[in-house]
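Below: one structure, written as structure tokens.
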Amino acid sequence: MPEILRKRALCTGIWEYVVEAPLIARKARAGQFVIIRLHERGERIPLTLADWDAGAGTITLVVQAVGKSTREMAERFGEGEEIRDVAGPLGTPSEIERYGTVVCVGGGVGIAPIYPIARALKAAGNRVVTIAGARRKDLLFWLERLKKVSDELIVTTDDGSFGRKGVVTEPLRELLQRGGVDRIWAIGPAVMMKFCSLVAREFGVPIWVSLNPIMIDGTGMCGVCRVEVAGETKFACVDGPEFDGTQVNWDLFLARLAMYRDLEERALKHYLGTVEERI
């Protein structure tokens, strides 16, 4: 079973794991993901590849402890522990070409998956401008990594505790107003990606977003990760996870995410209620 070789806290609630996975590391490309299962009774969690080293046979995963399984991983799984399953690389890789000037936008934990895309775009000969944003300073990470693969790095925080105060769409709009941007990648919270896509559409610049719907098998069999793009049903696991942001039905996508979050909250409240009754 794949072993966790290194674990470290990146910032509040976000952890970096370096996992032994030589076969995945040899095949991995920017934009792809893996599905992990912590143990025999664990749920399947999709995680976008944040980095990999084919020579060392390792992959890097960045995990935000927000749900049952990610909290369990952060609390119980450390260096030397084994993960029951790591399947991948899955999904369609990013379309990396020499476009000219590209903007990569990473919001929150989306900073991790935007890094290999920015690196690949830089290696392909593009001028890369990266925008990294978070709610506050203690939720930022990997800025030095981003700086190394970017011609320009812009950092924003909602509260102004680091970089410029504001949200990522503000510097994105400024860059587009100047002109000369050929393509955009945006990864982060669904609402952030929606508004980045609206700004990109306003200026007629192509934008790719990485969608994060509920996912189970990761091979297109279950249909849970369906999204509507350009009026057609697509599966994020095999048709994506990257899609043209201007063609995504964001209202439907956000509604489905909200529905699953509501069900998760109800299940958690029920569980806590039964625990209290037993106590």
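The table below gives the values:
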quantity: Scan of the range 228-247 for residues that are at negative phi and either free of Cβ contacts under 8 Å to residues at least 24 places away in the same chain or surrounded by fewer than 22 Cβ atoms within 10 Å (Cβ to Cβ) (or both), ordered by number; calculated: E228, V229, E232, T233, K234, F235, V238, D239, D244, T246, Q247
quantity: Residue satisfying all of: in the range 40-68; assigned to a loop (DSSP other than H, G, I, E, B) and in contact with a Phe, Trp or Tyr (Cβ under 9 Å, 6 or more places away or on another chain); farthest from C104 (Cα to Cα) among these; calculated: A65
quantity: Of all residues making up the range 24-47, the number that are free of Cβ contacts under 8 Å to residues at least 40 places away in the same chain and touching a strand residue (DSSP E or B) at 6+ places or on another chain (Cβ under 9 Å); calculated: 5
quantity: Meets criteria (closer than 30 Å to I207 by Cβ, touching a Gly at 6+ places or on another chain (Cβ under 6 Å) and in a strand (DSSP E or B)) for I35; calculated: yes
quantity: Yes/no for E79 being farther than 15 Å from E242 by Cα and in a loop (DSSP other than H, G, I, E, B); calculated: yes
quantity: Residues satisfying the stated conditions in the range 234-267, i.e. at pLDDT 90 or above and farther than 19 Å from M193 by Cα; calculated: V238
quantity: Among (1) under 25 Å from E174 (Cβ atoms); (2) β-branched (V, I, T); (3) out of contact with any helix residue (DSSP H, G or I) (no Cβ under 8 Å at 6 or more places or on another chain), the one test that I35 misses; calculated: (1)
quantity: Candidates A112, A120, A124, filtered to the one that is touching a residue at least 40 places away in the same chain (Cβ under 8 Å), among the hydrophobic types (A, V, I, L, M, F, W, C) and surrounded by fewer than 22 Cβ atoms within 10 Å (Cβ to Cβ); calculated: A120
quantity: Some residue of the range 98-109 being assigned to a loop (DSSP other than H, G, I, E, B), of a type outside the set (K, R), more than 24 Å from G13 (Cβ to Cβ) and touching a Lys or Arg at 6+ places or on another chain (Cβ under 9 Å); calculated: yes
quantity: Test for G223: is it on the phi > 0 side of the Ramachandran plot, assigned to a loop (DSSP other than H, G, I, E, B) and buried (at least 21 other Cβ atoms within 10 Å of the Cβ); calculated: no
quantity: In the range 70-95, residue modelled with the lowest pLDDT [restricted to those that are under 20 Å from I24 (Cα atoms) and crowded, with 18+ Cβ neighbours inside 10 Å]; calculated: G88
quantity: Boolean, I117 is under 25 Å from A21 (Cβ atoms) and assigned to a helix (DSSP H, G or I); calculated: yes
quantity: Subset of the range 40-69 [under 18 Å from I216 (Cα atoms), of a type outside the set (A, V, I, L, M, F, W, C) and crowded, with 18+ Cβ neighbours inside 10 Å]; calculated: P46, T48, S69
quantity: Those residues of the range 145-167 which are closer than 23 Å to A124 by Cβ and in contact with a helix residue (DSSP H, G or I) (Cβ under 7 Å, 6 or more places away or on another chain), in sequence order; calculated: R145, L146, V149, S150, L153, I154
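Per-residue answers, yes or no, for (1) under 22 Å from the mean Cα position of the chain (by Cα); (2) β-branched (V, I, T):
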{"position": "V167", "(1), (2)": "yes, yes"}
{"position": "L176", "(1), (2)": "no, no"}
{"position": "G179", "(1), (2)": "no, no"}
{"position": "M192", "(1), (2)": "yes, no"}
{"position": "V199", "(1), (2)": "yes, yes"}
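The values are calculated or read from the model by the stated rules, or taken from the named source; none is laboratory data. As the structure is a prediction and not an experimental result, all values here were calculated from the model. We place every Cβ from the backbone using ideal geometry, glycine too, and count neighbours over all the protein chains shown.
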